[in-house]
Amino acid sequence: MHIKNILILGSTLLTEKAIDMMRHRYNLIGHIPSKKPTVEGNIRLPIVDMDVDYDIALSIQYDRIIKNPVNCFNVHTGLLPKYGGTNILDYSIKNKEKEQGITLHKMTDKLDFGPIISKSTYPVLEGDTAYDLYKRLLCIGPNFVFASLELLQELSEEQIEECYTEKPTIYKRGEFKINKKMSTLK
C-alpha cells in the first residue's frame with residue numbers, strides 16, 4: 001500500500017507524540033480533533049474535515065465513530081480482539097491482566113473490528129493505575145505507530161484483507177474516575 005498523505009484523527013498526547021515521530025517521513029495533511037481527549041495533546045497541524053484528499057486516515061485515540069471508513073486505520077490502545085471499546089487501561093487493571101498493548105487495524109463499519117495489522121505489548125504490574133499504563137503506552141506508542149505504517153506500506157490491499165480478524169469484546173465507558181495525574185504527563 002502506498003502511503004504519503006495521512007489525515008490524523010485525534011488530539012491526545014499519544015497523538016502528538018506519534019505525529020512527532022511520523023512528521024519527517026509522511027505528509028501529515030491535517031487533523032480532526034477529538035471531542036474530549038483523555039490527555040490533551042498539542043497538535044500542530046491544521047484542523048480539516050474528512051473531505052480532504054488522503055492516502056489513509058489514521059485514528060489515534062479518536063473519540064468519534066467514523067461512518068463509512070474508507071482507507072482508515074485505527075491505533076487502538078488495547079489488545080484486539082480481547083479489549084475493544086473504551087477505558088481499556090482501567091478494565092485491564094480491573095480484570096487483573098498481566099499485559100496490555102496497542103493494536104493497529106483497518107477500520108470497518110463495526111467498532112474495533114477489522115484486519116489486524118500489528119500489535120505490541122507492555123507489562124501490567126501489581127499496583128498499577130491507568131496513569132502508569134498510559135505512561136508505558138507513551139513509551140512504546142509513537143515507535144509502534146511509525147513501525148506499523150512502515151509495515152502497512154509493504155502490504156497490498158489484498159494482503160491487508162487477509163490479516164486476522166475476529167469480533168472483539170467491547171468494553172463501554174465505565175464508572176472510572178478520571179485520574180487527575182493524567183494531565184501531568186506533558
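The values are calculated or read from the model by the stated rules, or taken from the named source; none is laboratory data. Everything numeric here is computed off the predicted structure, so don't read it as measured data. Every residue, glycine as well, gets a Cβ built from its backbone with ideal geometry; the counts of neighbours run over all protein chains shown. Just the protein is used for accessible areas: all its heavy atoms, side chains included, with ligands, DNA and RNA removed. Shrake-Rupley method; radii C 1.70, N 1.55, O 1.52, S 1.80 Å.
Here are the numbers:
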item	result
Region 1-102: trypsin sites (Lys or Arg not before Pro) in DSSP coil with no more than 14 other Cβ atoms inside 10 Å	Lys4, Arg23, Arg25, Lys35, Arg44, Arg64, Lys67, Lys96, Lys98
Per residue accessible area in Å² of the chain, where ligands, DNA and RNA are left out and the probe is 1.4 Å	53
C-alpha long axis of helix 13-22 to longest principal axis of the chain, angle in °	40
Nitroxide proxy distance, nm - points 7 Å out along Cα→Cβ at Lys94 and Glu166	2.2
In Å, descending, principal axis extents of the Cα set of region 1-136	45, 29, 26
Gain upon complete extension [His24, Asp51; 0.36 nm per residue less C-alpha separation]	7.3 nm
Sparse-neighbourhood loop sites, GluC sites (Glu not before Pro) in region 81-181 - DSSP loop, at most 12 other Cβ within 10 angstrom	Glu126, Glu166, Glu175
Solvent exposure, largest accessible area first (probe 1.4 Å, DNA, RNA and ligands not counted), of Cys163, Cys139, Cys72	Cys139, Cys163, Cys72
Dipole magnitude of the chain, debye to nearest 20 (Cβ charges: Lys/Arg +1, Asp/Glu -1, about Cα centre)	860
Sulfur and carbon atoms: percent of accessible area, the chain [1.4 Å]	51
Full-extension gain in nm, Glu157 to Asp109, via 0.36 nm per residue minus C-alpha separation	15.5 nm
Ranked order, Asp132, Asp49 - accessible area, probe 1.4 Å, largest first	Asp49, Asp132
Accessible surface, 1.4 Å probe, highest first, among residues Val48, Val70, Val124	Val70, Val48, Val124
Probe 1.4 Å - accessible area at Ser59, Å² to nearest ten	10
